[in-house]
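All remarks here apply to the structure that follows.
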Amino acid sequence: MSHEPATDSTTTRSLETGMGEKGLAKGTVGVLGAVVIGVSCIAPAYTLTAALGPTVAEVGTQLPAIFLAGFLPMLLVALGYRELNSAMPDSGTSFTWATRAFGPWIGWMGGWGLIAATIIVLSNLAAVAVDFFYILIAQLTGNAAIAELTQNLWVNIPTTLVFIAAACWISYRGMQTTKAFQYGLVAFQLIVLAWFAVAAFSHVANGTAFDATPVSLDWFNPLAVPTFGAFAAGVSLSIFIFWGWDVTLTMNEETKNPDKVPGRAATLTILIIMAIYMIISLSVISYAGIGETGLGAGNPENQESIFAVLAGPVMGPFAILMSLAILSSSAASLQSTMVSPARTLLAMGFYKALPESFGKISPRFMSPSTATITAGAASAVFYVVTRLLSENALWDTITALGLMICFYYGVTALACVWYFRREAFATARGCFFKFLAPLVGGVILLVMFASTARDSMSPDYGSGSNIGGLGMVFILGMGVLLLGVGVMFYQRVRHPGFFKGETLKRMS
Amino acid sequence: MRLLIGYTADARGAEAIALAAALGGPGAHLDIAIVLPEHTPFSANYPGGDHGYSSILAARIDAWAGEALALVPEGHTARVIARAVTSPAAGLIELAQETGARAIVLGGRKRHVAGFFAPGTVTSALLHASPLPVAMSAPGAVAALHRAEGKLGRVTAFVGTRPGARAVVQSAADVAAAQGLELRIISLAAQDASGQPAPERDDSSAAMRANIEALLADLDLGAEISIASGNNLDDAIGEIDWKDGEIAVVGSSRLARKHRLFLGSTAQRMLRTLPVPLLVVPRNHHTQEPAS
């Protein structure tokens, strides 16, 4: 009867109050909170155990130098990200940004790059969580044989799939972690990592270290890395360890003071993270050396997960804390990272860049439904394939991940340059933040991408797994990107709307 | 009468709208609430922040709102309220209090999984904390409502032998009076509840009937009284005959805080088997009785 006109106006008004604020808790995050969010996104306990070994394999003792050098392109690109985020706050994703700047084709691949990177990191996170899950049980029961279970594929693969399925389910149910949980997790990680470093240095001082190596200033010199290829590979790995830091810069409405909090939080976060990375890399190399035998950080046996090997000898009975820190940080990241590919898949479905069913939202849980399940299934499949094909799945996935991050970060950075090409030169500030920083950062990352991709063709690259003489990392990285190109052309033929600019327009 | 509907854009939500329209009767105003979880920055989703999610969600909710309004039968006014809340149950209670709703109406699944009563988490939370009556439907119950052309025909209140019947009877009578419906009062006399052999049960049935008659006289109400007996609760409930378009009203457990709802064990068991929608009333709702 009378419900039509009255209703419609009320509906619109009510929806605006609900959604205009994006459901964000406005102005609740101070500098400390933002630092906690930043550190938690980086998950240092997890990134260190996953990336430290492979990076040492590339650059040897120049590990601290590479960590410092790897931050530069990250910083430059993040500055560009911040500009895009404030220009297009409602569509914050590589997919929409790159589509608006470069049109549907590059936009599609930008989105795919992000999805691929997150799918790969999900499978790696799950695998690390599973390793430390068994190590933790072994430490709790005092039965070392249990830690070996993770080497058995019949145990490892099903357990990893259970972890991925659990994360997928939590994400689908729309559950979120709380403030207290994040504070606790971050504090615990930092304390345990500091403990490890102190314990390692005291072994060095007492002469009980495995291969005491005196700290040298040369370790901080990136030019001492023998080849450009090793340097590029090291940088693309260290991009991964800073992945997550940019979240502090792009926080805005959530902060108590958007003018000051993000900048201060980003600075403080990077100082904390840098300090942790420096003391950990120095302590690992001083304690274990870079030798390729025994506990040496260069030993291929140790590449998968450096703390799994070193925590016991360094921390003694307290190694259980390290297992707990890594298990909790990788499991928490597994769940929160699942949201990312799911939302990008959702956005791609919504704008018809993928079949529309990806655009479904569960009416009960208000979370992407098809997209979340697809993301979980894809990371499960990726993990199983890598585990079966590669001799050292974790090492190869981390290297492939570095490749993928360089790709989508690079594309997004150049999208920033192109998007702001007309307005960037109006002010000196704009010239730096909207043009120079993202341009240099983007070019560095794409060069790293190309160089690492070329080197990874060699069958000796990474863990040394290969198929028909082609390196496993190259096959994984390029395979995923080519798969994307295939899906893109399929979608272009079947549902051309997005590619004709009907759903998401390129800014002209 | 205003009612608040906890709406989800699926079959459940449609059932809730059908039930609310029947419960409210002609001219009722329906506030259709779509609650969504508040985003907390501490969930640390990375990489890429929001990914355009909130704009897509907003578009989706707009579409759902349109679908929901199309489901509202003629003769009712309705609007959709979408709000981000920290917890869906708490959000629904808050909205109901803001809008001055007389009850919160929910849809429901088939109510048992492997023989256990299994309401959703939101329903369950409301059934144990709501300060307002909560009405629930299940697919079968809504089908019965449809056969009665979406209109209520009779209101049945369930009372026990313990104090607290007054609030239930009064609430049921209010619903009946608003639409001029018949009122029926049922007391369940199951052997496993009383533990008495058959002859004594007849005596206690008579006592129950007398209690209810006294209560009705006190409240100045007229109603059909029925004592349902059986060897156990399920038997007793099975004996009751139901009309299409009937609604059952039950009270809260004595565990409930005053003026709060708390579904008791008997009511939970009833939920499993009832073929009609159910309205659960908070303890001491409307009337003030000394606590037992």
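Throughout, read-outs are computed from the coordinates displayed, never taken from laboratory work. None of the values given here were measured: they were computed from a predicted structure. All Cβ positions, even for glycine, are placed from backbone atoms using ideal geometry, and neighbour counts span all protein chains on display.
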For segment A:28-500, just list the percent of Cα-Cα distances falling in each 20 Å bin from zero outward, please.
25, 61, 14, 0
Quick one: helix B:198-219 against the long Cα principal axis of chain B, what's the angle to the nearest 10°, folded into 0 to 90?
60 degrees
Taking all pairs of different Cα atoms in segment B:2-280, averaging 1/r and flipping that mean, what Kirkwood radius in angstroms comes out?
19.8 Å
Using the Karplus equation 6.51 cos²θ - 1.76 cosθ + 1.60 (θ = phi - 60°), what ³J(HN,Hα) coupling, rounded to whole Hz, does each residue of segment B:273-285 give in order, writing x for Gly and Pro?
10, 4, x, 10, x, 10, 10, 9, 10, x, 5, 6, 4
Per-residue HN-Hα couplings for segment B:164-178 [Karplus 6.51, -1.76, 1.60; θ = phi - 60°; Hz; x = Gly/Pro]:
x, 5, 4, 4, 5, 5, 4, 5, 4, 5, 4, 4, 5, 5, 4
Helix B:11-24: angle to the longest alpha-carbon principal axis of chain B, degrees 0 to 90, nearest 10?
60 degrees
In debye to the nearest 20, the charge dipole size for the protein assembly as shown, taken about the Cα centre with +1 at each Lys and Arg Cβ and -1 at each Asp and Glu Cβ, equals 1280 debye
Amide H of B:ARG102: which non-local residues (sequence gap of 5 or more, or other chain) have their own amide H closer than 5 Å, using H built in the peptide plane?
B:ARG2, B:LEU3, B:LEU4
Charge tally for neighbours of A:PRO54 with beta carbon under 11 Å away, counting Lys, Arg as +1 and Asp, Glu as -1, is -3
The simple spin-label model distance between B:ASP10 and A:SER202, using points 7 Å out along Cα→Cβ, in nm, is 5.5 nm
Helix-only estimate, please: 222 nm mean residue ellipticity of chain B, summing -39500 (n - 2.57) across DSSP H runs of length 4 or more and dividing by its residues, to the nearest 500.
-12500 deg cm²/dmol
Could you tell me how many degrees, from 0 to 90 and to the nearest 10, lie between the Cα long axis of helix A:179-206 and the main elongation axis, the longest principal axis, of the Cα atoms of chain A?
20 degrees
For segment B:128-183, calculate the relative contact order in percent as a whole number, restricting contacts to Cα pairs under 8 Å that are 6 or more residues apart.
32 percent
With a cut-off of 8 Å between alpha carbons and a minimum separation of six or more residues, what is the relative contact order of chain A in percent?
29 percent
Any idea what the alpha-carbon Rg over 2.2 N^0.38 Å comes to for the protein assembly as shown?
1.13
By the scheme Lys and Arg +1, Asp and Glu -1, what is the net charge of all other residues having a beta-carbon under 12 Å from that of B:GLY222?
-3
Counting DSSP beta bridges with both partners in the protein assembly as shown, what percentage is antiparallel, nearest 5?
15 percent
Share antiparallel - DSSP beta bridges, segment B:2-280, percent rounded to 5:
10 percent
Can you show me the helix-derived [θ] at 222 nm for chain A, built from DSSP H runs with n ≥ 4 at -39,500 (n - 2.57) apiece and divided by the number of residues, rounded to the nearest 500.
-23500 deg cm²/dmol
Taking only the alpha-carbon positions of segment A:426-508 as identical scatterers, the Debye log10 I(q)/I(0) at q = 0.14, 0.18, 0.19 Å⁻¹ comes out as -0.79, -0.90, -0.91
Are any of the pairs B:LYS151/B:LYS258; A:LYS360/A:LYS505; A:LYS179/B:LYS258; A:LYS360/A:LYS500 more than 28 Å apart by Cα-Cα distance, and if so, which?
B:LYS151/B:LYS258; A:LYS179/B:LYS258
How large is ³J(HN,Hα), in whole Hz, for each residue of segment A:232-249 in order, when computed from phi with the Karplus curve 6.51 cos²θ - 1.76 cosθ + 1.60 and θ = phi - 60°, using x for Gly and Pro?
4, 5, x, 5, 5, 6, 6, 4, 4, 6, 9, 4, x, 5, 4, 4, 5, 6
Given N residues in segment A:168-300, what is its alpha carbon radius of gyration divided by 2.2 N^0.38 Å?
1.34
